[in-house]
Amino acid sequence: MSPSSSISLTRFLIEAEREGHIQPDLRLLIEVVARACKSISIAVGKGALGGVLGDAGGAGEASINVQGEAQKKLDVLSNDILLEANAWGGHLAALASEEMDHAVRIPEHYPRGRYLLLFDPLDGSSNIDVNISVGTIFSVLRCPDCVDGPKDEDFLQPGTSQVAAGYCTYGPSTMLVLTVGHGTHAFTLDREIGSFMLTTRGMRIPEDTKEFAVNMSNQRHWEAPMQAYVADLLAGKAGPRGKDFNMRWVASMVADVHRILTRGGIFSYPLDAKCAEKGGKLRLMYEANPMALLVEQAGGAASTGRQRMLEVNPTGLHQRVPVFLGSRNEVETAVRYHLERD
Ligand code: AHM
Ligand code: MG
């Protein structure tokens, strides 16, 4: 065990508060989110025994979310767990989820706090039924004007405004990876005592890498700069990059990003002809921004291919963007391919 393994998430957050890195209500909000993630971890862990696999909706009638995607039972359950856990805590003004059309205000009969919470309740849910890692991604913003009750527009703040971001990965072990703007830290769920314990303080992404993550089946649909970038990766030692690259693709963003935070690499979901109309595949507010903050706080970089991710000015709650993130030098190389060919 690492020397830091006796530090629980609770202790870590209290110490962060004493050091002036977070306010008490943000600390309590993160504790609530972590508690909800523990419940989701239990539901995911039951698998077929819990009767939670498969599609949501009745027989022959798949339930479709605002993204136009078929929902899994666990997508709906995870969304409900996060909503229920956060509604009454008193730290939030409103919540928004990848699975819901609009932001949800905290009900009148509960005290209203000053933060906005965004989440993708179960990312990578196409992997649930085959027992591959999935995860929850979350982002916290301040509510700019809580007098009239928050609206969708109040969430449209650039990623630089996030006061906290994190994900929980439900894999061989359940891990919470968190930033409150002072480094990126990993906690592992000790299932016997039911607490997240600090297992890596200050994750660091190596600046260089020989590993990339992309859905290669979309290759023919990519833009020219992406075609050129990946062709040079595949050319290996004999090509312009002068080294052999390995490829990994879980198709759960949480798992792919977790690998990159642990040992480096570049993750990309570029623009392609199939998703060009929507602006990309992954969602800015629920996926790209929280991951970008975690990656930058670990010394990596995150971009749309043409702009720093955290500086994108959002225009819609469910806006999609192209994503490149991970080892700093590799992300900068991918961005160069785009800028030089525009
Ligand atoms: P989801 O939030 O509906 O699960 O979709 C996002 C997921 C990411 O986790 C992953 O990177 C990507 O979609 C996988 O897409 P593909 O089906 O192209 O492999
Ligand atoms: Mg997702």
- Query: Helix 24-46: angle to the longest alpha-carbon principal axis of the chain, degrees 0 to 90, nearest 10?
  - Reply: 70
- Coil-residue GluC sites (Glu not before Pro) of the stretch 21-91, DSSP, other Cβ within 10 Å capped at 10: 61
- Message: Run the numbers for residue 204 and residue 249: contour at 0.36 nm per residue of separation, minus the present Cα-Cα distance, in nm.
- Response: 14.1 nm
- In whole Hz, the Karplus estimates of ³J(HN,Hα) for the stretch 8-20 (6.51, -1.76, 1.60; θ = phi - 60°; x where Gly or Pro) are 7, 4, 4, 5, 4, 6, 5, 5, 5, 5, 4, 7, x
- Note on the structure: Site residue 10, offset 7 angstrom along Cα→Cβ, radius 20 Å on amide nitrogen, limited to the stretch 169-206, gives 174-178, 186-200
- Task: Determine the relative contact order of the chain: mean sequence separation of Cα pairs under 8 Å and six or more apart, normalised by residue count, in whole percent.
- Result: 15
- Item | Dipole-positive endmost among 125, 193, 205 within the chain (Cβ charges, Cα centre) | 205
- Query: What net charge is computed for the residues neighbouring residue 72, neighbours being all others with C-beta under 11 Å from the C-beta of residue 72, Lys and Arg scored +1, Asp and Glu -1?
  - Reply: -4
- Picking from 182, 318, 91, which is most flexible by a Gaussian network model of the chain using Cα springs under 10 Å? 182
- the chain, Gaussian network, Cα under 10 Å: of 264, 54, 124, the residue fluctuating most is 54
- Neighbour-count ranking for 278, 72, 237 (other C-beta within 10 angstrom, fewest to most) reads 237, 278, 72
- Scattering profile of the chain at q = 0.07, 0.10 Å⁻¹ [log10 I(q)/I(0), Debye over alpha-carbon scatterers]: -0.28, -0.58
- Item | Highest-first arrangement of 289-296, 104-111, where packing means the average Cβ count within 10 Å | 289-296, 104-111
- Of 275, 37, 168, the one that fluctuates the most in a GNM where the chain has Cα springs shorter than 10 Å: 275
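Run lengths n ≥ 4 of DSSP H only: what is the helix-derived mean residue ellipticity at 222 nm for the chain, with -39500 (n - 2.57) per run over all residues, to the nearest 500?
The helix-only estimate for the chain comes to -8500 deg cm²/dmol at 222 nm.
Taken together, the values in this text are just the output of simple stated rules run on the coordinates, not laboratory data. Not measured: the values here are computed from a predicted model. Positions of Cβ are generated from backbone atoms using ideal geometry, with glycine treated the same way; all protein chains shown enter the neighbour counts.
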